[in-house]
Amino acid sequence: MAGLVNSIIAGVAFISLALAIVFGCYFAARKILNPGAEGDRTHDAAATIAVRIAALHGLILALVYAQELDDYKGIRNNLMEEAVAISDIYNDVGRYGGAVVVPVQQGLANYVTTVVGEEWDMLGHRQGLSPKAWALWNDVYDRLLDLTPETDRQRYLGNRMRDRATAIARFRQIREETAAGGFGGLFWAPALIGLSLLSIPFYVYRPTRTHMFLLSIFGAYSGVVLFFIFAFSNPFEQPGKLEPVAFENLLRGDLAKSLPSPLSGEPSQ
C-alpha cells in the first residue's frame with residue numbers, strides 16, 4: 001500500500017511539474033512576445049515550429065521509453081531464469097548425492113534469502129550487489145568445482161550444475177549494471193527543454209477556457225510519459241520497483257526445507 005501511495009504521489013508530482021512548465025512558458029511567451037494579429041503569418045509560423053519541435057521531442061521520448069521498458073522486461077526475464085537455474089542446481093545436487101548435497105542446498109537457500117532480504121534494497125539505493133550474496137554464491141560454486149564424479153550420471157549432473165552456477169553470476173552482473181545505470185541529465189535536460197520549447201509557440205492563442213483545457217491535456221500527458229520513463233529507469237526502486245517474486249516463490253517451495261528452523265536454528269529438512 002505504501003508503494004502505491006508513493007507511486008501516486010510521484011505521478012502527481014511529474015504531472016504538476018509538466019503543467020507548470022507548459023503554462024509558465026506559455027504565459028511568459030505571451031508577456032514577452034506580441035501574439036500577432038489575425039492577418040499576419042504568426043500563427044502559421046508558430047504552428048510550423050511547434051510541429052517540428054514536437055516531432056523531435058516525441059522521438060526522444062519514444063526512444064528512451066522503449067529502451068527503459070526493454071531493460072525492465074529484460075531484468076524481469078533474467079530474474080525468472082536465475083530462479084530456474086537455482087532450482088535446477090538445488091534439485092540436481094540432490095540427484096548427484098553424497099556429502100555435497102546439504103551444504104550446497106543450504107548455501108542456495110541462504111543466497112536467495114540474502115538477495116531478497118538485503119540485496120534488493122541495496123540495488124534500489126544504487127549500492128551494488130551484496131558482498132554476502134557473492135560469498136554464498138562463491139561457496140556453492142567452489143563446492144561444485146570440487147566434485148569428483150564417479151559415474152556418467154554424476155559427470156553430467158556436475159557439468160550441468162556448474163553451467164547453471166556461472167549463469168547465475170552472469171544474471172547478477174546484469175542486475176548490477178542495470179541498477180547502476182541511468183541517463184540522468186543526458187535525457188532529462190533535452191526532455192524538459194523540449195517540453196518548454198514546445199509550449200512557447202502556443203502563445204499566439206488567447207488563454208480561453210478551451211485553449212487552457214487543451215494545454216492542460218498536453219501538459220498532463222507529457223507528465224505521465226515522463227513519470228513512466230522515470231519509473232522504469234530503476235527496476236529495483238519505487239515507483240516502478242520490480243519485486244523478486246520468483247525468488248520468494250523459491251523460498252516458499254523446495255528451498256524452505258534447507259532454511260534454518262525459527263526455533264532450532266537448524267535446517268528443517
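Since every read-out is calculated from the coordinates, none of them should be taken as a lab result. Small disclaimer: the values here were computed from a predicted structure and weren't measured. Every residue, glycine among them, receives a Cβ derived from its backbone with ideal geometry; neighbour counts consider all protein chains shown.
Each residue of the stretch 254-260 in order: what ³J(HN,Hα) in whole Hz does its phi give by Karplus 6.51 cos²θ - 1.76 cosθ + 1.60, θ = phi - 60°, with x for Gly and Pro?
Each residue of the stretch 254-260 in turn: 4, 5, 4, 5, 9, 7, x Hz.
Which peptide among 165-173, 194-202 comes first, and what is the full order, when sorted by highest mean count of other Cβ atoms within 10 Å? Don't jump to the answer; show the numbers that get you there.
Details: 165-173: 16.8, 194-202: 20.9.
Per-residue mean Cβ counts within 10 Å order the peptides as 194-202, 165-173.
Where does helix 131-145 land angle-wise versus the long Cα axis of the chain, in degrees 0 to 90, nearest 10?
Around 40 degrees separate the two axes.
Report, in degrees rounded to the nearest 10, the 0 to 90 angle that the Cα long axis of helix 2-32 makes with the longest principal axis of the chain.
It is inclined by approximately 20 degrees.
How many angstrom lie between the Cα centre of the stretch 197-252 and the Cα centre of the stretch 74-139?
35
As a test of the formula, what do you get for the chain when each DSSP H run with n ≥ 4 contributes -39,500 (n - 2.57) and the sum is divided by the residue count, at 222 nm and rounded to the nearest 500 deg cm²/dmol?
Mean residue ellipticity, 222 nm, calculated: -25500 deg cm²/dmol.
At q = 0.12 Å⁻¹, what is the log10 ratio I(q)/I(0) for the stretch 153-217, with the Debye formula run over Cα points and no solvent?
-0.61
Identify, among S196, T151, A179, the residue whose Cα sits farthest towards the positive end of the charge dipole of the stretch 146-220, taking +1 on the Cβ of Lys and Arg and -1 on the Cβ of Asp and Glu, with the dipole about the Cα centre.
S196
Let me spell out the model: positive unit charges on the Cβ of Lys and Arg, negative unit charges on the Cβ of Asp and Glu, origin at the Cα centre of the chain. What dipole size does that give, in debye rounded to 20? Don't skip to the answer; put the middle values down first.
On the way: 23 positive and 26 negative charges, 163 e Å.
With Lys and Arg at +1 and Asp and Glu at -1, about 780 debye.
Using +1 at the C-beta of Lys and Arg and -1 at the C-beta of Asp and Glu, which of P207, Y65, V245 has the Cα lying farthest in the positive direction of the dipole of the chain?
Final value for the positive-end residue is P207.
If I fit a long axis through the Cα atoms of helix 185-199 and take the longest principal axis of the Cα atoms of the chain, what angle between them do I get, 0 to 90°, rounded to 10?
30
In whole Å and largest first, what semi-axes does the C-alpha gyration tensor of the chain yield when each eigenvalue is scaled by 5 and square-rooted?
For the chain, the semi-axes come out at 56, 18, 12 Å.
Could you line up Y96, Y141 from fewest to most neighbouring Cβ atoms inside 10 Å? Show your work: numbers first, answer last.
Values: Y96 23, Y141 19.
Lowest count first: Y141, Y96.
Quote the convex hull volume per residue of the stretch 106-254, based on C-alpha atoms, as a whole number of Å³. Don't jump to the answer; show the numbers that get you there.
Working: hull volume 22.0 nm³, N = 149.
Spread over its residues, the Cα hull of the stretch 106-254 gives 148 Å³ apiece.
Counting Lys and Arg as +1 and Asp and Glu as -1, each charge on the Cβ, what is the dipole of the stretch 144-245 about the Cα centre in debye, to the nearest 20? Kindly include the intermediate steps, with their values, before the conclusion.
On the way: 11 positive and 8 negative charges, 55 e Å.
Charge dipole of the stretch 144-245: 260 debye, to the nearest 20.
Might you report the magnitude of the Cβ-based charge dipole of the stretch 93-186 about its Cα centre, with Lys and Arg at +1 and Asp and Glu at -1, to the nearest 20 debye?
Dipole of the stretch 93-186, to the nearest 20 debye: 260 debye.
Taking only the alpha-carbon atoms of the stretch 8-147, what semi-axes of the equivalent ellipsoid follow from 5 times the gyration tensor eigenvalues under a square root, in whole Å, largest first? Display every interim value, and only then the final one.
Details: eigenvalues 703, 52, 20 Å².
For the stretch 8-147, the ellipsoid semi-axes come out as 59, 16, 10 Å.
I'd like the Karplus ³J(HN,Hα) series for the stretch 45-55: coefficients 6.51, -1.76, 1.60, θ = phi - 60°, whole numbers in Hz, and an x wherever there's a Gly or Pro.
Computed from phi, the couplings for the stretch 45-55 are 5, 4, 5, 4, 5, 4, 5, 5, 5, 4, 5 Hz.
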